[in-house]
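The values are calculated or read from the model by the stated rules, or taken from the named source; none is laboratory data. Remember, it's a predicted structure, so these values are computed and weren't measured experimentally. Here the Cβ is made from the backbone with ideal geometry for all residues, glycine too, and neighbour counts use every protein chain on show. The protein model used for the area step is the full one, side chains on, heavy atoms only, and it has no ligands, DNA or RNA in it. Shrake-Rupley method; radii C 1.70, N 1.55, O 1.52, S 1.80 Å.
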Amino acid sequence: MDGKVKEQKRHQQKHSGPKAEKKKLRKQGATTEEDGRKRNPKAFAVQSAVRMAKTFHRSQDIKTKKHHIPLVDRTPLDPPPISTLIRCLIKNFTRQKLGEIHGPVTIVAGKKRRLTFMECNNDINTMIDLAKVADLVLMLIDASFGFEMETFEFLNICQVHGFPRIMGVLTHLDSFKNNKALRKTKKNLKHRFWTEVYQGAKLFYLSGMVFGEYQTQEVKNLGRFISVMKFRPLVWQTSHPYVLADRMEDLTDPERLRTDPKCDRTVSLYGYLRGTYMKNKGQVHIPGVGDFQVSDVNFLPDPCSLPGAQKKRALNEKERLLYAPMAGVGGVVYDKDAVYIDLPASHVNLQQEEGRPTTELVQSLIDTHATLDAKMAASKVSLFSGSATLDSAAVEEQSGEGAGLQETLVLDPHTQRERRKVVFNKGEEEEEEDDDEDEEDDDDSEDSDEDQEDEDGDDLSGFLKKARAESDQASQNVPPPEKKQKLEETKEGGVEVPVFADSEDELERSDEEEESDEEEEEAGRAGDSGHCSEEEEEEEESDEEDDDESGEEDEEGEKENEEEEEEEGSLRWKEGLQQKASQAFLRQQEAAPNLRKLVYGSVLGAETGDEEDEEELGGLFRVSRPQKSKKVTADAIDCSRFNPDTSHDWDLEEMLNSIRDCFVTGKWEEGEDAETLLKQDEELYGDFEDLETGAVHKAQDEVSQSQLCQNSENDEEDDEEDGAEGVMKVDEDEKQKKKRLDKKRRLKERFDAEYDDGEATYFDDLKEEMQKQAELNRAEFEDVDDDTRVQYEGFRPGMYVRVEISSLPCEFVVNFDPQYPIILGGLASSEGNVGYLQMRVKKHRWYSRILKTRDPLILSLGWRRFQTIPLYHIEDHNGRHRLLKYTPQHMHCGASIWGPVTPQGTGFLAVQSVSDTKTNNFRIAATGVVLDLDKSVTVVKKLKLIGYPYKIFKNTSFIKGMFNTVLEVAKFEGASVRTVSGVRGQIKKALSSPAGAYRATFEDRLLMSDIVFLRSWFPVSVPQLYNPVSSMLLPVGQKDSWAGMKTLGQLKHELGIRNKPNADSLYKPVVRGPRRFNPLHIPKELQKALPFKSKPKLQQAKGKVPRDLKRPSVIREPHERKVAALLHALSTVHNQKKKKAHTLQHAKHKEFLQEKEKQEDAKLKRQKEARKKLYRVMGQTEQRKQRSSLKGAPQDD
């Protein structure tokens, strides 16, 4: 390199921007606003109290919006697998590749979590069904293409059905060559995704694919997020049991199938139960099939069980389970009455067979012809190369007994391991122990030696070790080199625990000892060898995900354990279980590490000799030896280790007295015995007042001065004997003062704890109550076996169940497609009925067309997908529900349907067709919620009846053409009518002829050209159509083409029928003829009163009538006079009768008016009482609302 050093690029300081401006101000000595705020905080305090109040209210609103109604946590201790929607990630968790994914795939993702993956295809039926059962949705978004319409459709489906956790995954990022365009695309997609989900929703980026797979590290990061993610409990899922079936089996009688291939089938479905408890003989709904009665439910062993509760960071290979029966993966499956073995068939493609996990274990199980004990009896072993082989008969001869070897458990002091020793006689036992020690010291490579020793776990372990030790000594003929001793000697000369305990010394223990060790590791990690720090321990406890690299050594060790357990023979391991357990406990206690050795690397041996008397020089001075002081001696002993002494006989009185002062009631020191401490407590806490009786009790707080002096003298004497420093005497006044201050402080704390509620609110109290309820639910049946629990509480979530259903349609089995999910949704007792539902619905803002009343609509409500005919209506201000022909554009309206009874508050979505896969438009037509479950709402539509006047008498008119019979008129007597010109009137009475005519009075005189109409309301009945979507019964490949009832517009379009409009509804040109008005006639009296300018001036005065046009006067004859007189008399009689009849009619009418007035008064009184009752109910409701809102506020008293 010619000795030249490359010069580094100098740092260029910024000359512009906010940082540079601050630096300039700082150099100039000027102060920024921040400095002023720090220097004088009062000047920058709150300027406006109103603005501060608004800010506080806004922060409280934001905090309150995050609250949701707390639910009782019914999550079982062994939770079911979490359902997700994604195609990949299986290899990351299980190290296995799947060629094709069919149906649910369940894997073990961690020590306490299982995942079920289910891929969602581009079918709106599948999208709707999976959105109801998913806990986490992984949405794959092609970044090079952008958002697809299906993405937004699925988001809206999830929002309606409870909104599970949603994570976006951006793919195809490697197609961007320009980094700036990539960043801009990421930002745009992220913010649009946040708009639809929530601000800050997680969005993952998968940069590209390598050899057809995503990059390992990116997939691993995504898997870690999935493994530790928490899921919100959704109301519908937590209140209904459901099973996502991962296996289906036809149990129909083959003979019946042969005779009738289209008969109903009996099918058993398998899967993990989720949601809540499921009862036997209940009712379930299978989306796409229908409602069915469950004939039988059983729980089976978990095919994908969680690993044992062991403290370790990673799963070993045997615990990375994968269960996917529909994809041909799962190994051996145990059923109620059979065992199923899944093997790849011979005709399967080679590519697919390579993708599946290996099945050598299952194949070897099938090919086995001899049992394990027969193979062990026939096996032979050779100790050394070139030596003769030994079989079981030869070993029995050498041991001296054919019945089997006797063994004893010996604790090896070097390795602190319990070893199983063959018993011959006393001399041979001692020789074998020495040989074992020599053999242990001889080998330098500890790991290989331990591995070899751990493998001899059968009945021949002691015999083999002896032979090996003899051969080693014979070959070497030299004493083995002494290793550095790892042990420390205690004061008594005993042997202390080794510095490092053997981390793999439990390989030869019995099952009970291993279980006790696991429990001790769970409780306090007492037997840990000290190889990991506290931080690593915390990381192990908190981290739930599996790290592959860090867990390889543990996995290898566990593999060896399992191999050795299989190789062990059938010893009488049950003998002396109590002794084994006690020895295992003592060994584990002694296995605690020497922390001093770990930290400082050296161990100071304690003095073993007897303590010499302290030397005195001239009888005046003592020789100070700090290394022999108590403090140094105590520090030198490793206090982290506990050496149990098994030689103590605790039945002796002396042994009991030796530890009597170790307890609370014992006498620890002269001034610290229990009696003295109790007196001090009485002085501190003795004063109290009985609040019920008012009596005040005083404590005996005077301690005599002489007793204090005596105690101090005793203390001084003890201190002189121990060589310690003297204790300073505390002044009595200061002591009393301190006592009073402590007493006041305790009283204040007690008062604060009693009267201060702190920040606790009604919401916190509710959550605490729910938490207690959840703990109570768990603890109730904790110690009961599964068979008994099932009888009381039903099948709990997390169980792997087998649900048997009879009378399923044959098309379900014949056309079964594992790509489509099979969901068994449990129904409550009333949810199997069909009735009237009242809903609130709103047309989706992205749907291009408005919805028409009586057009069939497909709803997704609860577990069901069904077609029905809705009636849309809106509520007027007077409470009337008026029928709408079309849905409003941007507002909610009511809807009445005939459908399955579903709990109030359940959300639903509507689509007009599930078979429009090639449409370019948004498919979700409307969303809404269920309001009511009865027919309390009467939907009415407007009806206008039209009539025409045919006789007019001032303000009274006779109307015809509106009704057809007298009965119809009688029903509408008193109804208000109106003319087109706006004149209001009322129907009075029916006329005898013509039929349907009536008399009506109006505010003004009508014209013959007026049209009279009556505005009435007619009740509309809801059509009773409930047509379940049976898409799962269609043939394979046609399940997305289900078509139900067609709309009227579709039928007319397909049949080519054009709508013929009503002739009266068409617009016609208006032809108006000239109107001739009568001349204005003003009476003479009125003309006189008018001013001059208003008098008619243009009219010509009437001329005199000519004489010839005047009528001549007539002179009557006597006969004519008689006739006229008679007629006058008759008319007088007639007029008198008419007047009398009129008077009578007037009296009747007066009585009629009085009766009508009474009726009106009674009617007003009833209305007034009804209003009072209504207002009373409204007032009580308002008061309840205020009280409930006040309950949630914190109480400041």
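For this structure, a couple of remarks:
- Scanning region 838-857 for residues that are within 21 Å of ASN156 (Cβ to Cβ) and in a strand (DSSP E or B) yields a count of 6.
- Qualifying residue in region 109-131 (condition: crowded, with 22+ Cβ neighbours inside 10 Å, among the polar types (S, T, N, Q) and not in a strand (DSSP E or B)): yes
- Matching residues, region 170-192, being hydroxyl-bearing (Ser, Thr, Tyr) and surrounded by fewer than 16 Cβ atoms within 10 Å (Cβ to Cβ): SER175
- Residue check, GLY146 open to solvent by 10 Å² or more (accessible area, probe 1.4 Å) and in contact with a Gly (Cβ under 8 Å, 6 or more places away or on another chain): no
- When the residues of region 798-855 are filtered to those that are closer than 24 Å to GLN912 by Cα and aliphatic (A, V, I, L, M), the one that is most open to solvent (accessible area, probe 1.4 Å) is ILE850.
- Residue match in region 791-801 (condition: hydroxyl-bearing (Ser, Thr, Tyr) and under 30 Å from LYS262 (Cα atoms)): no
- Members of region 1040-1057 that are at pLDDT 90 or above and of a type in the set (D, E, K, R): LYS1046, LYS1052, GLU1054
- Number of the condition not met by THR195 [criteria: (1) of a type in the set (Val, Ile, Thr); (2) exposed (fewer than 12 other Cβ atoms within 10 Å of the Cβ); (3) assigned to a loop (DSSP other than H, G, I, E, B)]: (3)
- When ALA1162, ALA1141 are screened for being open to solvent by less than 100 Å² (accessible area, probe 1.4 Å) and within 60 Å of the chain's Cα centre (by Cα), only ALA1162 passes.
- Within region 943-956, residues that are polar (S, T, N, Q) sit with their Cβ atoms under 9 Å from residues that are part of a strand (DSSP E or B), at 6+ positions apart or across chains, in these pairs: ASN955/GLY985; ASN955/THR1001; ASN955/PHE1002; THR956/LYS988; THR956/ARG999; THR956/ALA1000; THR956/THR1001; THR956/PHE1002.
- Scanning region 49-67 for residues that are among the charged types (D, E, K, R) and under 25 Å from the mean Cα position of the chain (by Cα) yields ASP61, LYS63, LYS65, LYS66.
- Test: ASN921 is touching a helix residue (DSSP H, G or I) at 6+ places or on another chain (Cβ under 9 Å) and not in a strand (DSSP E or B): yes
- The set of residues from region 859-902 being among the aliphatic types (A, V, I, L, M) and open to solvent by less than 10 Å² (accessible area, probe 1.4 Å) comprises LEU859, LEU861, LEU871, ALA895, ILE897.
- Contact map, region 958-971: first residue part of a strand (DSSP E or B), second residue exposed (fewer than 13 other Cβ atoms within 10 Å of the Cβ), Cβ cut-off under 8 Å, separation 6 or more or different chains; pairs are LYS960/PRO994.
- Looking across region 994-1012, the residues that are open to solvent by less than 30 Å² (accessible area, probe 1.4 Å), within 17 Å of LYS971 (Cα to Cα) and modelled with pLDDT of 95 or more come down to ALA997, TYR998, ALA1000.
- Close Cβ contacts (under 7 Å, 6 or more residues apart or on different chains) running from residues in region 1-30 that are part of a helix (DSSP H, G or I) to residues that are modelled with pLDDT under 75 and open to solvent by less than 100 Å² (accessible area, probe 1.4 Å) comprise LYS22/THR32; LEU25/THR32.
- Here GLN1087, GLN1136 are screened, and the one residue that is open to solvent by 100 Å² or more (accessible area, probe 1.4 Å) and polar (S, T, N, Q) is GLN1136.
- Which numbered condition PHE145 fails, given (1) under 18 Å from the mean Cα position of the chain (by Cα); (2) assigned to a loop (DSSP other than H, G, I, E, B): (1)
- Checklist (1) surrounded by 10 or more Cβ atoms within 10 Å (Cβ to Cβ); (2) part of a helix (DSSP H, G or I); (3) more than 60 Å from the chain's Cα centre (by Cα) applied to ARG1116, failing item: (2)
- All positions within region 165-192 that are outside any helix (DSSP H, G or I), within 15 Å of PHE145 (Cα to Cα) and of a type in the set (Val, Ile, Thr): VAL169, THR171
- Test: residue in region 1033-1046 that is open to solvent by less than 80 Å² (accessible area, probe 1.4 Å) and outside any loop (DSSP other than H, G, I, E, B): yes
Every residue, every condition in (1) at pLDDT 90 or above; (2) open to solvent by 100 Å² or more (accessible area, probe 1.4 Å); (3) among the small types (Gly, Ala, Ser), yes or no:
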position	(1), (2), (3)
ALA1063	no, no, yes
PHE1077	no, yes, no
GLN1100	no, yes, no
ARG1107	no, yes, no
GLU1120	yes, no, no
LEU1126	yes, yes, no
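- Of the listed requirements (1) touching a helix residue (DSSP H, G or I) at 6+ places or on another chain (Cβ under 6 Å); (2) open to solvent by less than 100 Å² (accessible area, probe 1.4 Å); (3) not polar (S, T, N, Q), LYS1156 misses just one: (1).
- Annotation: of all residues in region 262-282 being under 24 Å from the mean Cα position of the chain (by Cα) and farther than 17 Å from GLU249 by Cα, the one that is most open to solvent (accessible area, probe 1.4 Å) is LYS279.
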